[in-house]
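Structure first, then comments.
The values are calculated or read from the model by the stated rules, or taken from the named source; none is laboratory data. What you see is a predicted model, and the numbers here were worked out from it, not measured in a lab. So basically every Cβ, Gly included, is an ideal-geometry build from the backbone, and we count neighbours across all protein chains shown.
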Amino acid sequence: MTSYIICGGAGFLMLVAAGVAIILRLAKVTLRKQVLAISGRFPQALSTSAQGALVTYWALRRIAAVDRSPYGRTGSVYSLVASRGHLTIVRGREAKVLADFTAEQVADVRVDTTSVLLADYTTLFFGIRAGDRTFELPVRVNGPMATSLRTASTEWAKARGDAIVKTVRGESVGT
């Protein structure tokens, strides 16, 4: 009897592992297609992949309520695209624009972490001006590769956040 339980438990774990592997593979394929679409649509932009989070969705909803702009859901994987004068959030194989903030709306950026259960994620917190208020927009960044699904290191995220803000403001970004 116990051997059936052990075998059944091991089989279940193998099925779960296979399911997780398939989901990650699909996310990676989608992210590759998203990166290609971004490079075609925003050729001179600085692109950074990010992981979806409820805190990002809630922040976008708060900003939208003041800004009166319809912002879409980020999904599980999306990208930040920084170009001269704009910070854009895009998702999907066609790089659908979910949110677009002008340089005047992007106040600043800081790096910290957000947590879910036992996992910590390196997060860029962008100060976004809407109306007469400034909202924090948390973005869980992946890095440093464009198709990375792993959370970024704090050092890399700080440098990337500074580069994003400089790009949006039209300042030169050092190599």
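Of the set (1) at pLDDT below 85; (2) assigned to a helix (DSSP H, G or I); (3) small (Gly, Ala, Ser), all apply to Gly72 but (2).
Do we have any residue at all in the stretch 113-122 that's modelled with pLDDT of 95 or more and not hydroxyl-bearing (Ser, Thr, Tyr)? No - not one qualifying residue is present in the stretch 113-122.
For the criterion of being at pLDDT 90 or above, among the hydroxyl-bearing types (Ser, Thr, Tyr) and over 13 Å from the mean Cα position of the chain (by Cα), Ser83 passes. The set of residues in the stretch 47-93 that are touching a residue at least 12 places away in the same chain (Cβ under 8 Å) and aromatic (Phe, Trp, Tyr) comprises Tyr57, Tyr71, Tyr78.
Yes/no matrix, rows are residues, columns are (1) in a helix (DSSP H, G or I); (2) of a type outside the set (Val, Ile, Thr); (3) closer than 17 Å to Ala103 by Cα:
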{"position": "Leu137", "(1), (2), (3)": "no, yes, yes"}
{"position": "Ser148", "(1), (2), (3)": "no, yes, no"}
{"position": "Ala157", "(1), (2), (3)": "yes, yes, no"}
{"position": "Ile164", "(1), (2), (3)": "yes, no, yes"}
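Looking only at residues of the stretch 154-175 that are hydroxyl-bearing (Ser, Thr, Tyr) and surrounded by fewer than 14 Cβ atoms within 10 Å (Cβ to Cβ), we find that the one that is nearest to Leu60 (Cα to Cα) is Thr154.
Against the condition more than 21 Å from Arg32 (Cα to Cα), surrounded by fewer than 18 Cβ atoms within 10 Å (Cβ to Cβ) and in contact with a helix residue (DSSP H, G or I) (Cβ under 8 Å, 6 or more places away or on another chain), how does Arg73 come out, does it pass? So Arg73 fails the test. Pairs linking a residue in the stretch 136-151 that is farther than 22 Å from Leu60 by Cβ to a residue that is crowded, with 20+ Cβ neighbours inside 10 Å, with Cβ atoms under 7 Å and 6 or more positions apart or on different chains, are Pro144/Ala152; Ala146/Ser49; Thr147/Leu31; Thr147/Ser49; Ser148/Ser49; Ser148/Asn142; Arg150/Asn142. The strands (runs of 3 or more DSSP E) found wholly in the stretch 76-125 and carrying at least 3 residues that are more than 19 Å from Arg160 (Cα to Cα) occupy 96-102.
Residues are listed down the side, and each one gets a yes or a no for (1) of a type outside the set (A, V, I, L, M, F, W, C); (2) touching a helix residue (DSSP H, G or I) at 6+ places or on another chain (Cβ under 6 Å):
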{"site": "Leu26", "(1), (2)": "no, no"}
{"site": "Gly40", "(1), (2)": "yes, no"}
{"site": "Trp58", "(1), (2)": "no, no"}
{"site": "Arg93", "(1), (2)": "yes, yes"}
{"site": "Ala103", "(1), (2)": "no, yes"}
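Could you say whether any residue in the stretch 31-45 is at pLDDT 85 or above, touching a Gly at 6+ places or on another chain (Cβ under 7 Å) and surrounded by fewer than 19 Cβ atoms within 10 Å (Cβ to Cβ)? Looking through the stretch 31-45, none of the residues is at pLDDT 85 or above, touching a Gly at 6+ places or on another chain (Cβ under 7 Å) and surrounded by fewer than 19 Cβ atoms within 10 Å (Cβ to Cβ). Quick check on the stretch 96-135: of everything there that is farther than 28 Å from Glu155 by Cβ and small (Gly, Ala, Ser), which residue is surrounded by the fewest Cβ atoms within 10 Å (Cβ to Cβ)? The extreme case among them is Gly131. Sort out which residues of the stretch 78-93 are surrounded by 20 or more Cβ atoms within 10 Å (Cβ to Cβ) and within 14 Å of Leu31 (Cβ to Cβ), and write them in order of number. Correct list: Tyr78, Ser79, Leu80, Val81, Val90, Arg91.
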